[in-house]
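**Student:** Before we start, here is the structure in question, set down as structure tokens.
The values are calculated or read from the model by the stated rules, or taken from the named source; none is laboratory data. Keep in mind the model is a prediction, meaning the values are calculated, not measured. Note: ideal-geometry Cβ built from the backbone for every residue, glycine included; neighbour counts use all protein chains shown.
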Amino acid sequence: MKKIWQKNENVTTDAFNERYLVSRGVPDNALIPYDIAGSKAHANMLAHIGVLTESENENLQKELDEILRLYQEKEFLLSDGDEDCHSAIERFLTERCGEAGKRIHTGRSRNDQILVATRLYMKDRLMEVDMRAQQLARHFLSMAKTHQNVPFPGYTHSQQAMLSSLGHYFCSFTESLIDDRAFLASVSDVIDKNPLGSAAGFGVSIPLNREMTTRELGFKKMQLNSLYCQTSRGKFESMALEALVQLMLTLGRFAQDMILFTTREFGYFSVSDAMTTGSSIMPQKKNLDYMEVLRGQVSVVISLQHQIQDVTKNQLSGYNKDLKFVKPAMMEAFDIVCDSLVIAGKMLDAITPREDIISSKISKDIFAADVANDLVKNKNIPFREAYRVAMDGLDGIKVNYLENIHSKVSPGAPGNLKMNLYEELLK
């Protein structure tokens, strides 16, 4: 199939070379709705400035809607002859609309087409991630309320340190996800800029109305410098993936906790069979494969961000073909994070605290710091002296776990979780 950029019809592209060069398949298919949105806005703008007639624009808008319908019914997908979704859409429009299909590319390059399509894609996916993160944060908060006063050992250096509670433990993930959402919002704000109309990176001699396409596409603002539009590719994706990495760090910590705390040696939680797998040789096994995969996916998302950064670092200002590797890495990361947020929620549904086992595993010396603090409060002993004698005060100590939890009254401590603040932040 002749390419839209091909000038010499007597030269055919080597099939092997083409397979090596072009982008096709799932990544570009996923961008079709966003390229349609960009094309509709661009056509409306071209009609507004007189490049297209109203009749031509109406036909183009109708056929772009038809492409979207066919796409939604899985009848418009890239063929072997299509270099990318932009070429496929332009070919369809030229076949259906004739000269108008050729005019729609006026003042536009495939460079700014892919920029606007991926920008719109990232905006949608960031909203999806945010929604799922909010749902998971609420889920953790619900678990915190349900098990607010269940004693739970707190750890430092992987050793029991001080008494905590399950409410305190689950709230730590709620607040972590709230911060992750704030980071997502800041990234969304930075990338919410319209690159359409920057063409190949150097502008055009046609008075494009970029403010019009910015409004129509729902961008917060226009990305002004046409060269920076091109050089921001990879940079904006890396920003988005940094926000995704932060989410995965939160989820990875939860996954590791669940792997450890459900072992026979700990036994803090039981897990329903729906979230475990078995062994082909050991009948007794109930494996937390989902959490092990979640833990591993943290490294995968980090590596995808590094891939984007490595591909785009130190490139010459302007468009470079190896930018094509940014797109699949970015899309894979979004898919992983969305799925991981769901899996973490399913894990929360599947666990039940085993309160008797948790209490039986709490060591007496976990209260040494409390004894030291009591000496400071009741006998006015300097803390460093109280610290030295605290272990001697553990002999024969009997601690009411609930009273101990409620005694931790500093803001954010187990006895003063301030869950109402989390409720406000999650509204």
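**Student:** Go through the range 97-149 and give me each residue that's surrounded by fewer than 20 Cβ atoms within 10 Å (Cβ to Cβ) and β-branched (Val, Ile, Thr).
**Tutor:** Passing the criteria: Thr106, Thr146.
**Student:** Also, quick follow-up: Identify, by number, the condition in (1) closer than 24 Å to Asp124 by Cβ; (2) buried (at least 16 other Cβ atoms within 10 Å of the Cβ); (3) modelled with pLDDT under 65 that Val22 doesn't meet.
**Tutor:** Just one mismatch for Val22, condition (1).
**Student:** Restricting attention to the range 109-148, which residues are of a type outside the set (A, V, I, L, M, F, W, C) and over 19 Å from the mean Cα position of the chain (by Cα)?
**Tutor:** Start the filter on the range 109-148 by keeping residues that are of a type outside the set (A, V, I, L, M, F, W, C), which leaves 109-113, 118-119, 121, 123-125, 128, 130, 132, 134-135, 138-139, 142, 145-148.
Hits for the range 109-148 are Ser109, Arg110, Asn111, Asp112, Gln113, Ser142, Lys145, Thr146, His147, Gln148.
**Student:** Select the helices (runs of 4 or more DSSP H) contained entirely in the range 221-325, then report the ones holding at least 1 residues which are within 17 Å of the chain's Cα centre (by Cα). Give the derivation first.
**Tutor:** On the way: elements: 226-231, 235-261, 289-312.
In the range 221-325, the matching helices (runs of 4 or more DSSP H) lie at 235-261, 289-312.
**Student:** Report yes if Glu83 is outside the structural domain of Gln230 (by TED's automatic domain parsing), outside any helix (DSSP H, G or I) and farther than 15 Å from Ala30 by Cβ, otherwise no.
**Tutor:** Numbers: outside the structural domain of Gln230 (by TED's automatic domain parsing): yes; outside any helix (DSSP H, G or I): yes; farther than 15 Å from Ala30 by Cβ: yes.
Taking the combined requirement at face value, the residue satisfies it.
**Student:** Here is a list of conditions, (1) free of Cβ contacts under 8 Å to residues at least 60 places away in the same chain; (2) within 18 Å of the chain's Cα centre (by Cα); (3) buried (at least 23 other Cβ atoms within 10 Å of the Cβ), and Phe170 meets all of them except one; can you say which number that is?
**Tutor:** The single condition Phe170 does not satisfy is (2).
**Student:** Right, next: As an exercise: evaluate Val301 against (1) at pLDDT 95 or above; (2) under 28 Å from Gln159 (Cβ atoms); (3) aliphatic (A, V, I, L, M) and give the number of the one condition it does not meet.
**Tutor:** (2)
**Student:** For Leu177, state whether it is more than 24 Å from Ile308 (Cα to Cα) and within 16 Å of the chain's Cα centre (by Cα).
**Tutor:** Details: more than 24 Å from Ile308 (Cα to Cα): yes; within 16 Å of the chain's Cα centre (by Cα): yes.
In short, yes.
**Student:** In addition: In the range 341-364, is there at least one residue being outside the structural domain of Thr276 (by TED's automatic domain parsing) and over 22 Å from Thr156 (Cα atoms)?
**Tutor:** No, because not a single residue in the range 341-364 is outside the structural domain of Thr276 (by TED's automatic domain parsing) and over 22 Å from Thr156 (Cα atoms).
**Student:** Okay, next question. I'd like to check something: does the range 191-211 contain any residue that is assigned to a helix (DSSP H, G or I), over 27 Å from Arg132 (Cβ atoms), outside the structural domain of Met291 (by TED's automatic domain parsing) and touching a helix residue (DSSP H, G or I) at 6+ places or on another chain (Cβ under 9 Å)?
**Tutor:** Quick first cut of the range 191-211, residues assigned to a helix (DSSP H, G or I) only: 191, 210-211.
Next cut, over 27 Å from Arg132 (Cβ atoms) only: 210-211.
Those left that are additionally outside the structural domain of Met291 (by TED's automatic domain parsing): 210-211.
Going one step further and asking which of them are touching a helix residue (DSSP H, G or I) at 6+ places or on another chain (Cβ under 9 Å), we end up with 210.
So far as the range 191-211 goes, yes, one or more of its residues are assigned to a helix (DSSP H, G or I), over 27 Å from Arg132 (Cβ atoms), outside the structural domain of Met291 (by TED's automatic domain parsing) and touching a helix residue (DSSP H, G or I) at 6+ places or on another chain (Cβ under 9 Å).
**Student:** Kindly indicate whether Val298 is of a type outside the set (S, T, N, Q), in contact with a Gly (Cβ under 7 Å, 6 or more places away or on another chain) and either surrounded by fewer than 19 Cβ atoms within 10 Å (Cβ to Cβ) or free of Cβ contacts under 8 Å to residues at least 24 places away in the same chain (or both). Reasoning before the result, please.
**Tutor:** Values: of a type outside the set (S, T, N, Q): yes; in contact with a Gly (Cβ under 7 Å, 6 or more places away or on another chain): yes; either surrounded by fewer than 19 Cβ atoms within 10 Å (Cβ to Cβ) or free of Cβ contacts under 8 Å to residues at least 24 places away in the same chain (or both): no.
Taking the combined requirement at face value, the residue does not satisfy it.
**Student:** Please pick out the residue among Glu385, Glu332 that is assigned to a helix (DSSP H, G or I) and more than 27 Å from the chain's Cα centre (by Cα).
**Tutor:** Working: Glu332 fails: more than 27 Å from the chain's Cα centre (by Cα).
After applying the criteria, what remains is Glu385.
**Student:** Select from the range 47-80 the residues that are among the acidic types (Asp, Glu) and in a loop (DSSP other than H, G, I, E, B) and write down the one among them that is modelled with the lowest pLDDT.
**Tutor:** Step one: of the range 47-80, the residues among the acidic types (Asp, Glu) are 54, 56, 58, 63, 65-66, 73, 75, 80.
Add one more test, that the residue is in a loop (DSSP other than H, G, I, E, B), and what stays is 73, 75, 80.
Values: Glu73: 93, Glu75: 90, Asp80: 64.
Only one residue tops the list, namely Asp80.
**Student:** Quick check: anything in the range 96-117 in contact with a Phe, Trp or Tyr (Cβ under 6 Å, 6 or more places away or on another chain) and of a type in the set (D, E, K, R)? Explain how you work it out, then say what you get.
**Tutor:** From the range 96-117, those in contact with a Phe, Trp or Tyr (Cβ under 6 Å, 6 or more places away or on another chain) are 111, 117; that's our starting set.
Of the ones still in play, those that are also of a type in the set (D, E, K, R) are none.
The answer is no, given that none of the residues of the range 96-117 is in contact with a Phe, Trp or Tyr (Cβ under 6 Å, 6 or more places away or on another chain) and of a type in the set (D, E, K, R).
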